[in-house]
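One structure is given here, and the rest of the page talks about it.
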Amino acid sequence: MDLNTRVKAEIDNRRDALVALTRELIAIPTLNPPGRNYLEICEYLAARLAARGFTTELIRAKDAPGDSDRFPRWNLVARIDGARPGDCVHFNSHHDVVELGHGWTRDPFGGQIEGDRIYGRGACDMKGGLAASIIAAEAFLAACPDFAGAIEISATADEESGGFGGVAYLAQQGRFDPARVQHVIIPEPLHKDQICLGHRGVWWAEIETHGRIAHGSMPFLGDSAIRHMGVVLEEMEKTLFPLLANKHTEMPVIPEGARASTLNINSIHGGEPEQDADYTGLPAPCVADRCRIIIDRRFLIEEEIGQVKAEIANLMERAKARRPQFSYEIRDLFEVQPSMTDRDAPIVRSTASAIEAVLGREAAYVVSPGTYDQKHIDRIGRLKNCIAYGPGLLELAHQPDEWVGISDMADSAKVMALVLAELLAR
Ligand SMILES: [Zn+2]
């Protein structure tokens, strides 16, 4: 039997183990926010991987955003070195899951099995992918104990809230230094036949319009910040949204609608603060002296962030030209550059040929509309040879009754194991 056939047989032998591992991970409720049970899941994984010869390290992102003694940001990095020097292949999964929300008809932490599906919060995003990568590594090690290089598996905190207590922290510590790690797969739920090369860029900003408070019965004595904002929104409708919809990208973003620039107005608030739900009084009559919106602009690899910001600055100046007393402020909140790994990068090529070998069809290449931890590996770690590839359907992420397909997990574990065989069995 050749190595690829043996590796695939080792995965088939581990189907029950793959299901059990996924269910055990789902049973640890690592809800974020606030960041529960991070130590518990890291210790569980460390014990499992140490038993299979991995060296394990638990790393707390001390004082990272979100880290506290009550909710410490724990991460696990496990590594196994081969018999000879060679490349290191790193699988990075986030261990946190988002809140449950309403609408569940199954126990979100029960790992209920129905046919080919396992249900639970995090089943697809992304405990199924984490389990698949562990089984892939274990199967490869069994089939090829005499490998070259190293395998690393990390389980990291806080991807759902920006990754600052997780991958960003590890990258700052040099954990993704290209001298230490050469290939990265992030098993996010992009489906077993797709390779995700990267993501669009992000710019979040707060825009505030200024007015002057006065009695609501004599609004002419004040100056309404909400009316100023109305003109800003009108400018957006008239000029900005059509402009963005016409900016198309060469990036293969999915879904198709995200293959252009987009802008979401995340929130709007003007005037008196909203009262608690149990407040029974009426509002006081006031002219709003402040109005704020938060904008979430997603931009393309063909765009420069400076140009993205200039579009908003110009729009605000157009609004200002129309209103004598208008004044405003724009505050930057957050930005991420777009990221797209080259199709010729070694990890992309090996994953594409493994998908063909396992599924008998060509890999599809996609780019994510939103960002994930690749941003930190790229920007802080300076490591470009990175993709997202894993089982599960992105549409199910963060939904009630989230599930992952057992056959999809097994197939993508085979793909990941064949990638190890191609890169490390030398
Ligand atoms: Zn995820």
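Numerical summary
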{"read-out": "Total formal charge among the other residues, if their Cβ is under 11 angstrom from that of Val77, Lys/Arg +1 and Asp/Glu -1", "value": "+1"}
{"read-out": "Length gained when the stretch Asp69-Glu362 is fully extended (0.36 nm per residue, less Cα-Cα span)", "value": "100.7 nm"}
{"read-out": "The stretch 11-100: relative contact order as a whole-number percent, Cα under 8 Å and 6+ apart", "value": "31 percent"}
{"read-out": "Backbone N within the stretch 216-242 under 13 Å of label point (7 Å from Glu272 Cα along the Cβ vector)", "value": "216-217"}
{"read-out": "Value of D in µm² per second that Stokes-Einstein yields for the stretch 1-60, Kirkwood Rh from Cα pairs, at 25 °C (0.890 mPa s)", "value": "180 µm²/s"}
{"read-out": "In degrees, nearest ten, helix 346-359 long axis to first principal axis of the chain (Cα)", "value": "70 degrees"}
{"read-out": "Cross-link reach list, lysines versus Lys375, counting only Cα pairs under 29 Å and skipping chain neighbours closer than eight places", "value": "Lys62, Lys127, Lys192, Lys247, Lys309, Lys384, Lys414"}
{"read-out": "Distance (nanometres) between label positions extended 7 Å along Cα→Cβ at Asn13 and Trp204", "value": "4.7 nm"}
{"read-out": "Inter-part distance where the stretch 68-121 and the stretch 220-274 are each reduced to a Cα centre, Å", "value": "36 Å"}
{"read-out": "At R0 = 45 Å, FRET efficiency that the Cβ-Cβ distance of Arg323 and Gln399 yields, to 0.05", "value": "0.55"}
{"read-out": "HN-Hα J in Hz across the stretch 371-382 - Karplus 6.51, -1.76, 1.60, θ = phi - 60°, x for Gly and Pro", "value": "8, 8, 5, 4, 4, 6, 5, 6, 7, 8, x, 6"}
{"read-out": "The chain: C-alpha pair distances exceeding 35 Å, %", "value": "36 percent"}
{"read-out": "Listed peptides 259-267, 391-399 by packing density, highest first (mean Cβ within 10 Å)", "value": "391-399, 259-267"}
{"read-out": "Neighbourhood net charge (14 Å Cβ-Cβ; Lys/Arg +1, Asp/Glu -1) for Pro252", "value": "-3"}
{"read-out": "Cβ crowding within 10 Å averaged over residues, with 362-373, 102-113 ranked highest first", "value": "362-373, 102-113"}
{"read-out": "Interchain or long-range residues, amide H under 5 Å from Arg60's placed H", "value": "Asn75"}
{"read-out": "About the Cα centre, charge dipole magnitude for the chain (Lys/Arg +1, Asp/Glu -1 at Cβ), debye", "value": "600 debye"}
{"read-out": "Environment charge of Thr239, counting only residues whose C-beta is closer than 10 Å and scoring Lys/Arg +1, Asp/Glu -1", "value": "-2"}
{"read-out": "Computed E for Arg379/Arg292 - FRET, C-beta separation, R0 25 angstrom, nearest 0.05", "value": "0.30"}
{"read-out": "Most fluctuating residue given options Cys386, Cys88, Cys291, as computed from a GNM of the chain linking Cα atoms under 10 Å", "value": "Cys291"}
{"read-out": "Two-site label geometry, Asp177 and Asp332: point separation in nm, points 7 Å out along Cα→Cβ", "value": "2.8 nm"}
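Coordinate-derived values only; no laboratory data. As the structure is a prediction and not an experimental result, all values here were calculated from the model. No Cβ is skipped: glycine too gets one built from the backbone with ideal geometry, and neighbour counts run over all protein chains shown.
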